[in-house]
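First comes the structure, then the notes that go with it.
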Amino acid sequence: MCRFPPLRLNFNKTDTVGTLFDGQDKLKLVTRCIKEDRYEKDVLEEYAAYRIFFLLSDVGYRVRLVHLTLNDTDGRLNKVFRQSYGFLIEPVDHLATRVNGSLS
C-alpha cells in the first residue's frame, strides 16, 4: 500500500511537438511510495529491472529515468517533498504498436 498516489503525466499532443515527449499523451510516472531516502533505492532497482528486461526481450517497455522535485501545492502536507528519482513508463498501446502486437 503506497502512501503516495500514483501519478500520470497528461500531455496535450500539440504541446509536445518537437520535444522529448513528441507524440506522447499520458505517461505513468513511478516514484517512491514513502519519502524516506531508503525507498528511493527501490525505484532505481525497479527502473533497472525494466531496462534489463527491455534489453533481453522483444516486448519490454521503454522507460526513462527522471529526477523530480515534488511540492505540496495544496498545503495539506505542509512540506516540500524532497528531490528524488522516478521513471516514466511507455504506454501499453505504444508498446503494442512498436512490437506489431494488439491489445485485447
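Of Cys33, Cys2, the sequence from fewest to most neighbouring Cβ atoms within 10 angstrom is Cys2, Cys33. The residue list Leu88, Ala48, Thr73 was ranked by how far each Cα lies along the charge dipole of the stretch 27-98 toward its positive end, using unit charges on Cβ atoms, and Thr73 comes out on top.
Only helical runs count toward this figure. For the chain, summing -39,500 (n - 2.57) over DSSP H runs of n ≥ 4 and dividing by all residues gives -7000 deg cm²/dmol at 222 nm.
Can you list the residues of the stretch 46-66 with backbone N under 19 Å from a point 7 Å past the Cα of Cys33, pointing along Cα to Cβ? Counting only backbone N, you get 46-50. Projection of the Cα convex hull of the stretch 27-98, averaged over all directions and equal to a quarter of that hull's surface, yields 5.4 nm². Normalising the average separation of contacting C-alpha pairs (under 8 angstrom, six or more residues apart) by the number of residues puts the relative contact order of the chain at 25 percent.
Since every read-out is calculated from the coordinates, none of them should be taken as a lab result. The shown structure was predicted, so the numbers you read here are calculated from the model rather than taken from an experiment. Reconstructed Cβ throughout: ideal geometry from the backbone, glycine too, with neighbour counts over all protein chains shown.
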